[in-house]
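The values are calculated or read from the model by the stated rules, or taken from the named source; none is laboratory data. For clarity, every value in this text was computed on a predicted model and none was experimentally measured. Every residue, glycine among them, receives a Cβ derived from its backbone with ideal geometry; neighbour counts consider all protein chains shown.
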Amino acid sequence: MDVQTHWEKIYAEKAPKAVSWYRPHLETSLALIEQTASGRSASVIDVGGGESTLVDDLLAREYENISVLDISQSAIDANRKRLGKAAAHVHWLVANITNVELQSSTYDVWHDRAVFHFLTAAADRNAYVRQVAHAVKRGGHVIVSTFGPEGPARCSGLDVVRYDAESLLSELGAHFSMLGSSTELHRTPFGTIQQFLYCHCRVE
């Protein structure tokens, strides 16, 4: 089963609140975006946005230039349906982040919660980093959240790579400078605890 088929199956079979990464609101992500976006016209992309409510909260705060990318058409469709007419104010992309063609120097803020740690092949991680360096404006901000060192080794039937701040920055490479990092203990809908690492970087 290829990766897109896998995620289509996950989103088709599970309700939004029945996946381990679900949170009613991504408070940490939202706070970091609010800190880094230069204004409500800043261009923000949520990579792996799936059925996340981050887009709802960005719209509620009157951000004007939001993109949501996910590999699953089902997830994007569910997000658009939930938003109703407000979905027209969002740019939707159904694509694999490792091979999508993004415009150069487009985004002020790149946000990813729980995509990068699924890239277990070095070639996929390298492709992801090239996408970030290509699509984010120089001086733009990159917020990446992965499972931390004490996080799960597998998720949704797939292996993951766990990171601390140093190893994640090493993967991103010399074009990025670390501005801050933190860990968050996420309580899943099933009552278990997952450790997430948040890293905030700038494109140099």
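For segment 185-197, which residues satisfy the criterion of being modelled with pLDDT of 95 or more and either closer than 15 Å to Ser52 by Cβ or part of a loop (DSSP other than H, G, I, E, B) (or both)?
Result: His186, Phe196.
What tally of residues in segment 118-155 results from selecting those that are under 24 Å from Glu101 (Cβ atoms), touching a strand residue (DSSP E or B) at 6+ places or on another chain (Cβ under 9 Å) and not aliphatic (A, V, I, L, M)?
Of the residues in segment 118-155, 9 are under 24 Å from Glu101 (Cβ atoms), touching a strand residue (DSSP E or B) at 6+ places or on another chain (Cβ under 9 Å) and not aliphatic (A, V, I, L, M).
Considering every residue within segment 39-54, establish whether at least one is touching a Leu at 6+ places or on another chain (Cβ under 6 Å), closer than 19 Å to Pro152 by Cβ, assigned to a loop (DSSP other than H, G, I, E, B) and not hydroxyl-bearing (Ser, Thr, Tyr). Please lay out each step first, then the result.
Step one: list which residues in segment 39-54 are touching a Leu at 6+ places or on another chain (Cβ under 6 Å), which gives 46-47, 54.
Those left that are additionally closer than 19 Å to Pro152 by Cβ: none.
Checking segment 39-54: not a single residue is touching a Leu at 6+ places or on another chain (Cβ under 6 Å), closer than 19 Å to Pro152 by Cβ, assigned to a loop (DSSP other than H, G, I, E, B) and not hydroxyl-bearing (Ser, Thr, Tyr).
Criterion first (under 24 Å from Ser43 (Cα atoms) and assigned to a loop (DSSP other than H, G, I, E, B)) does Ala174 satisfy it? Break it down stepwise before answering.
Values: under 24 Å from Ser43 (Cα atoms): yes; assigned to a loop (DSSP other than H, G, I, E, B): yes.
Against the criterion (under 24 Å from Ser43 (Cα atoms) and assigned to a loop (DSSP other than H, G, I, E, B)), Ala174 qualifies.
Among the residues that make up segment 83-99, is at least one of them in a helix (DSSP H, G or I), touching a strand residue (DSSP E or B) at 6+ places or on another chain (Cβ under 6 Å), modelled with pLDDT of 95 or more and surrounded by fewer than 22 Cβ atoms within 10 Å (Cβ to Cβ)? Lay out the reasoning, then the answer.
Initially, segment 83-99 is screened for residues in a helix (DSSP H, G or I), giving 83-89.
Remaining after also requiring touching a strand residue (DSSP E or B) at 6+ places or on another chain (Cβ under 6 Å): none.
Taking every residue of segment 83-99 in turn, none turns out to be in a helix (DSSP H, G or I), touching a strand residue (DSSP E or B) at 6+ places or on another chain (Cβ under 6 Å), modelled with pLDDT of 95 or more and surrounded by fewer than 22 Cβ atoms within 10 Å (Cβ to Cβ).
How about segment 1-25: which of its residues are among the small types (Gly, Ala, Ser) and in contact with a helix residue (DSSP H, G or I) (Cβ under 9 Å, 6 or more places away or on another chain)?
Restricting attention to segment 1-25, the residues satisfying the condition of being among the small types (Gly, Ala, Ser) are 12, 15, 18, 20.
Listed by number, the list holds a single entry, Ala12.
Examine segment 118-130 for a residue that is out of contact with any helix residue (DSSP H, G or I) (no Cβ under 8 Å at 6 or more places or on another chain) and among the basic types (Lys, Arg), and state whether such a residue exists.
Scanning segment 118-130 turns up at least one residue that is out of contact with any helix residue (DSSP H, G or I) (no Cβ under 8 Å at 6 or more places or on another chain) and among the basic types (Lys, Arg).
Out of all the residues in segment 36-55, which are touching a residue at least 24 places away in the same chain (Cβ under 8 Å) and either in contact with a Cys (Cβ under 9 Å, 6 or more places away or on another chain) or exposed (fewer than 15 other Cβ atoms within 10 Å of the Cβ) (or both)? Even if it seems obvious, please write down each step before you answer.
Filtering segment 36-55 for residues touching a residue at least 24 places away in the same chain (Cβ under 8 Å) gives 36-38, 40-55.
If the condition is that a residue be touching a residue at least 24 places away in the same chain (Cβ under 8 Å) and either in contact with a Cys (Cβ under 9 Å, 6 or more places away or on another chain) or exposed (fewer than 15 other Cβ atoms within 10 Å of the Cβ) (or both), then Ser38, Arg40, Ser41 are the ones that fit.
Name the pairs whose Cβ atoms lie under 9 Å apart, with the first residue in segment 10-32 and within 17 Å of Cys155 (Cβ to Cβ) and in a helix (DSSP H, G or I), the second of a type in the set (Ser, Thr, Tyr) and at pLDDT 90 or above, and 6 or more positions between them or separate chains?
Cβ pairs passing all conditions: Ile10/Ser72; Ile10/Ser74; Ile10/Ser156; Tyr11/Ser72; Tyr11/Ser74; Pro16/Ser52; Pro16/Thr53.
Would you confirm whether or not segment 151-162 contains a residue that is without any contact (Cβ under 8 Å) to a residue 60 or more places away in the chain and part of a strand (DSSP E or B)?
Yes, segment 151-162 has at least one match.
Return the residues of segment 127-148 that are in a strand (DSSP E or B), small (Gly, Ala, Ser) and out of contact with any Cys (no Cβ under 9 Å at 6 or more places or on another chain); say none if nothing qualifies.
Step one: filter segment 127-148 for residues in a strand (DSSP E or B), giving 136-147.
From the residues that got through so far, the ones that are small (Gly, Ala, Ser) too are 139-140, 145.
Listed by number, the residues that qualify are Gly139, Gly140.
Are there any pairs with C-beta distances below 6 angstrom linking a residue in segment 104-126 that is part of a strand (DSSP E or B) to a residue that is buried (at least 20 other Cβ atoms within 10 Å of the Cβ) and charged (D, E, K, R), with the two at least 6 apart or on different chains, and if so which?
His111/Asp46
Can you confirm whether Arg113 is basic (Lys, Arg), crowded, with 19+ Cβ neighbours inside 10 Å and either closer than 25 Å to Ser167 by Cα or at pLDDT 95 or above (or both)? I'd like the intermediate steps shown before the answer.
Numbers: basic (Lys, Arg): yes; crowded, with 19+ Cβ neighbours inside 10 Å: yes; either closer than 25 Å to Ser167 by Cα or at pLDDT 95 or above (or both): yes.
Yes; evaluated as a whole, the condition is true for this residue.
So in segment 134-152, with the set limited to residues that are touching a Phe, Trp or Tyr at 6+ places or on another chain (Cβ under 8 Å) and among the small types (Gly, Ala, Ser), which one is surrounded by the fewest Cβ atoms within 10 Å (Cβ to Cβ)? Quick ask: steps written out before the conclusion?
In the first step, residues of segment 134-152 are kept if they are touching a Phe, Trp or Tyr at 6+ places or on another chain (Cβ under 8 Å); the result is 135-137, 140-149, 151.
The next check asks that each one be among the small types (Gly, Ala, Ser); those that pass are 135, 140, 145, 148, 151.
Details: Ala135: 23, Gly140: 22, Ser145: 29, Gly148: 23, Gly151: 20.
It comes out as Gly151.
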